[in-house]
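Undergrad: Mind looking over this structure? Questions follow.
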Amino acid sequence: MSFNTFGVVFRFTTFGESHGTALGCVVDGTPPGIALSKSDIQPWLEKRRPGQSRFTTQRQEPDAVKILSGVFDGKTTGTPIGLLIENVDQRSRDYGDIAEKFRPGHADYAYWKKYGIRDYRGGGRQSARETAMRVAAGAIARKILAHRLGTAAGVRGALIQVGDRKIDRTRWDWAEIDRNPLFCPDAATAKLWEDDLDAVRKTGSSCGAVVEVVADGIPAGLGAPVYGKLDADLAAALMSINAVKGVEIGDGFATAAMSGEDNADEMRAGSSGTPTFLSNHAGGILGGISTGQQIVARMAVKPTSSILTPRRTIDVHGRETEIVTKGRHDPCVGIRAVPIAEAMMAIVLADHVMRHEAQCGPLARP
């Protein structure tokens, strides 16, 4: 299997399967001299870790990260950083009944047609379990952003829609995200979602979601205007996350209904030669290059394909049959997709910071 590496200058390669011995990644391109320890990585993995509430899979994985290389005396050496997370709570027997059946809406059939073999235990390499290593790599990317751009540079994500119920954006409170298990910035909607998800979980079904992720403190100038567009790389990063079926930057698809006057992000003279933007319909990126505004992206996450409701399918012999997926699954994978989206945005930004420095020199901090 090829294409297990993401990034250009700051890049990482992941390995491992859902029910294998361990997951791991090798992170290349980290500058030397940056303070790094397990305590810089583990808190972000805790946000993604399964089994923390009744709204996520009950698989109990500590996701304790080990740093194998690339750090000496508490600082990065500039050499590859090896990271490892052991799998400790596999229940492969849950998948015995579907070893020869393809789950509708899942990647089983596509994998089998491409490779002629598939690991049916939790999806193997196609499982979202792989994303634990993205979050670990994203923690290192966050350290690079803080080192290069200052502590004001940061990435935050939130769940803004579950099923057909959206948050009330007038009640947006970033602090609320840490007070509920759904990464929801609207306390009132979070309570409604809990009832919605309880109903979905009890029926053995699933629902989709929308995640919004934003970056603050990012200077103007990141990205290249043709084949290295910042928004194109960001879209690719988010689309690479399991179950994501759509990505938009800024106002995204809503801009199709706008006029040129409505969509224009007008500017006025600001302090120190930096303009003041009167709106941010572009999501902080124009012509593939950051404008210095908040970078905003959203991604749509489809409903979990592993459900208890019998679905019609075929098996590896082409015979028609039905399938019920047992085991431990998220009723809404969009919940734990929030820290994954944060990690992928941080990785893209760190990569673009280093790509910019290679050509144009240090960025001016915002």
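The values are calculated or read from the model by the stated rules, or taken from the named source; none is laboratory data. Worth saying up front: this structure is predicted, and the values here are computed from it rather than measured. Methodologically, a virtual Cβ is constructed for each residue, glycine included, from the backbone with ideal geometry; neighbour enumeration extends over all protein chains shown. Remember, those area values only see protein heavy atoms, side chains included, never the ligands or the DNA or RNA. Shrake-Rupley method; radii C 1.70, N 1.55, O 1.52, S 1.80 Å.
Undergrad: Determine whether segment 105-115 contains at least one residue that is over 18 Å from Ala346 (Cβ atoms), open to solvent by less than 20 Å² (accessible area, probe 1.4 Å) and touching a residue at least 12 places away in the same chain (Cβ under 8 Å).
TA: Looking for residues that are over 18 Å from Ala346 (Cβ atoms), open to solvent by less than 20 Å² (accessible area, probe 1.4 Å) and touching a residue at least 12 places away in the same chain (Cβ under 8 Å), one finds at least one in segment 105-115, hence yes.
Undergrad: Is there a residue in segment 222-242 that is of a type outside the set (Lys, Arg), open to solvent by 30 Å² or more (accessible area, probe 1.4 Å) and without any contact (Cβ under 8 Å) to a residue 24 or more places away in the chain?
TA: Yes, the conditions are met somewhere in segment 222-242.
Undergrad: Return the only residue of Thr321, Thr304, Thr255, Thr291 being free of Cβ contacts under 8 Å to residues at least 40 places away in the same chain and polar (S, T, N, Q).
TA: The conditions single out Thr255.
Undergrad: Please count how many residues of segment 184-218 are touching a residue at least 60 places away in the same chain (Cβ under 8 Å), under 22 Å from the mean Cα position of the chain (by Cα) and assigned to a loop (DSSP other than H, G, I, E, B).
TA: Residues that pass the stated criteria total 5.
Undergrad: Just for segment 311-366: of the residues that are out of contact with any helix residue (DSSP H, G or I) (no Cβ under 9 Å at 6 or more places or on another chain), among the hydrophobic types (A, V, I, L, M, F, W, C) and modelled with pLDDT of 90 or more, which one is farthest from Val244 (Cα to Cα)?
TA: Among those that are out of contact with any helix residue (DSSP H, G or I) (no Cβ under 9 Å at 6 or more places or on another chain), among the hydrophobic types (A, V, I, L, M, F, W, C) and modelled with pLDDT of 90 or more, it is Cys360.
Undergrad: Please specify each residue of segment 2-34 satisfying the condition of being more than 24 Å from Ala224 (Cβ to Cβ) and open to solvent by 50 Å² or more (accessible area, probe 1.4 Å).
TA: Correct list: Ser2, Phe15, Glu17, Thr21, Val26, Pro32.
Undergrad: Being modelled with pLDDT of 95 or more, farther than 23 Å from Val8 by Cα and surrounded by 13 or more Cβ atoms within 10 Å (Cβ to Cβ) is true for just one of Gln58, Gln42, Gln52. Which residue is that?
TA: Gln42
Undergrad: Filter segment 309-335 for residues that are in contact with a Gly (Cβ under 7 Å, 6 or more places away or on another chain) and exposed (fewer than 15 other Cβ atoms within 10 Å of the Cβ) and give the result.
TA: Thr309
Undergrad: How many residues are among the polar types (S, T, N, Q), touching a residue at least 24 places away in the same chain (Cβ under 8 Å) and in a strand (DSSP E or B) when one looks only at segment 3-39?
TA: The total comes to 1.
Undergrad: Counting only residues that are touching a residue at least 24 places away in the same chain (Cβ under 8 Å) and out of contact with any strand residue (DSSP E or B) (no Cβ under 7 Å at 6 or more places or on another chain), which one in segment 154-170 is surrounded by the most Cβ atoms within 10 Å (Cβ to Cβ)?
TA: Result: Gly163.
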